[in-house]
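Colleague: The structure's right below; bear with me while I get my questions together.
Read the figures in this text as sums done on the coordinates, not as results from a lab. This one's a predicted model, so the numbers in the text were calculated from it and none came from an experiment. Cβ: placed from backbone, ideal geometry, glycine included. Neighbour counts: every protein chain shown.
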Amino acid sequence: MMKNMTNIVGKKIKELRLRKQWSQEELADRLNTSMVTISRIEHSRIERSVYRMKKIAKLFEISYEDFFLDQSSSNQKQHEILELKAELIRKDQEIERLLKKIIELFEEMSQR
């Protein structure tokens, strides 16, 4: 299942790149990475990080979940995916809040 999803995402990235008529090298330059990395992503030979996927989505002006939503998927599965995405966003916001608190504490310590 995970390998199948990895293949779907890789194909989607390649499709988006070709729509823009970009070479792998052009996409790599825009993402500040190597052409080899782009090839590995498109051919599902490398795990993609959430950070990199968000960066790619922004570059192609699509939402992050568009990589994972298949037009043939049932509405229930799409709904579950969106719920999980919302949960990830909430957790991301909580992590950001905690990091800000850590920074504040370090700043307070350095003022002493």
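Colleague: I'm checking my understanding of the structure. Among residues of segment 21-52 that are among the charged types (D, E, K, R) and under 15 Å from Lys11 (Cα atoms), which one is nearest to the chain's Cα centre (by Cα)? Give the steps one after another, and end with the answer.
Modeller: Step one: list which residues in segment 21-52 are among the charged types (D, E, K, R), which gives 25-26, 29-30, 40, 42, 45, 47-48, 52.
Pick out the ones that are also under 15 Å from Lys11 (Cα atoms) and you get 40, 42, 45, 47-48.
On the way: Arg40: 15, Glu42: 14, Arg45: 16, Glu47: 11, Arg48: 7 Å.
Among those that are among the charged types (D, E, K, R) and under 15 Å from Lys11 (Cα atoms), it is Arg48.
Colleague: A follow-up question, please. Is there a residue being aliphatic (A, V, I, L, M) and touching a Ser or Thr at 6+ places or on another chain (Cβ under 6 Å) anywhere in segment 74-87? Steps first, please.
Modeller: The initial filter retains those residues of segment 74-87 that are aliphatic (A, V, I, L, M), namely 81-82, 84, 86.
Filter once more, keeping what is touching a Ser or Thr at 6+ places or on another chain (Cβ under 6 Å): none.
Taking every residue of segment 74-87 in turn, none turns out to be aliphatic (A, V, I, L, M) and touching a Ser or Thr at 6+ places or on another chain (Cβ under 6 Å).
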